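The values are calculated or read from the model by the stated rules, or taken from the named source; none is laboratory data. As the structure is a computational prediction, the values presented were derived from the model and not from experiment. All Cβ positions, glycine included, derive from the backbone under ideal geometry; neighbour counts span all protein chains shown. In case anyone asks, the SASA skips ligands and DNA or RNA and just uses the protein heavy atoms, side chains included. Shrake-Rupley method; radii C 1.70, N 1.55, O 1.52, S 1.80 Å.
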Amino acid sequence: MFSNSRFDRVRQLFVDQFTPDGNGYFYRKSYKGAQFRVSKAERDSFIADFNRRIRYSSWSTVAATIILVLLVVWLVPDSDSTAAKVAVWIGVGAILCPFLLFYYWAWNAPARELQHRMPAGAALTKIEARALAFSKITYGQLVLAAAFGVWLVWSQSLKTDVFHGLGLIWLAMGGGLILLSTVQAFRKWHFSHRQAGD
């Protein structure tokens, strides 16, 4: 549960911002920002700092989740009540928001440190950035996301009324996943065909 392997994908996404160039590397924030030349030592330091920060934040999130569960059980003994469900949603939001803010801060650390350095290359254009983004998404991933949205609504409909009250949250989440996946698949198809036409 606490193994670093759970965050391999996140770490790899961060590492992929650095591309080899001779004895050093080029760094592009989120793969599309201005290009900065960094040494191997700088790159390794950025990666080590990011890994350490994510590890600390993940442990903090686990501890906060345990505290949330204990507080809900203590303050709202009836776990099926509306008050308990609302308390859980508020608690999850209170845990996730700081984690996401810290993650964003850790992700952008290299960009903050390199902002005063002369760029080695310009940021990608909107078309180049869009082409890169769509190249990283497969149709299989989009289908899987849409299928998960269907499963989410179906599984929750067996437990609660997804058309009324708090059940609408599950309907909105599942429907949102399906809609987002469909729109992204269409955009990917449309963009790839337009690029081929050019």
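Before moving on, here are some points about what is shown:
- The H on the amide N of residue 35, modeled in the peptide plane, is under 5 Å from the matching H of 120, 121, 122, 123, each at least 5 residues off or on a different chain.
- Shape analysis of the chain yields a ratio of the Cα radius of gyration to the Kirkwood radius, Rg/Rh, of 1.05.
- The chain - charge dipole about Cα centre, Lys and Arg +1 at Cβ, Asp and Glu -1, debye rounded to 20: 600
- Loop sites here are trypsin sites (Lys or Arg not before Pro) outside DSSP states H, G, I, E and B with no more than 14 other Cβ atoms within 10 Å. The longest part of the chain free of them is 1-116.
- Helix 126-135 axis, angle to the chain major axis (alpha carbon atoms, nearest 10°): 60
- Where chymotrypsin sites (Phe, Trp or Tyr not before Pro) fall in DSSP loop in segment 128-166, at most 16 other Cβ within 10 Å: 163
- Solvent-accessible area per residue, Å², over segment 125-180 with all protein chains present [probe radius 1.4 Å]: 68
- Karplus-based coupling profile of segment 62-69, in residue order and whole Hz: 4, 4, 5, 5, 4, 4, 4, 4, with θ = phi - 60° in 6.51 cos²θ - 1.76 cosθ + 1.60 and x standing for Gly or Pro.
- Solvent-accessible area, 1.4 Å probe, carbon plus sulfur percent, for segment 64-198: 74
- Under 12 Å from the Cα of residue 159 - aspartates and glutamates, other chains or at least 8 residues apart: 80
- Ordered from largest to smallest accessible area (heavy atoms of protein chains, 1.4 Å probe), the residues 178, 54 come out as 178, 54.
- In Å², nearest 10: area of residue 153 left accessible to a 1.4 Å probe: 30
- All aspartates and glutamates inside 16 Å of residue 188 as judged from Cα atoms, apart from same-chain residues fewer than 8 positions distant: 128, 198
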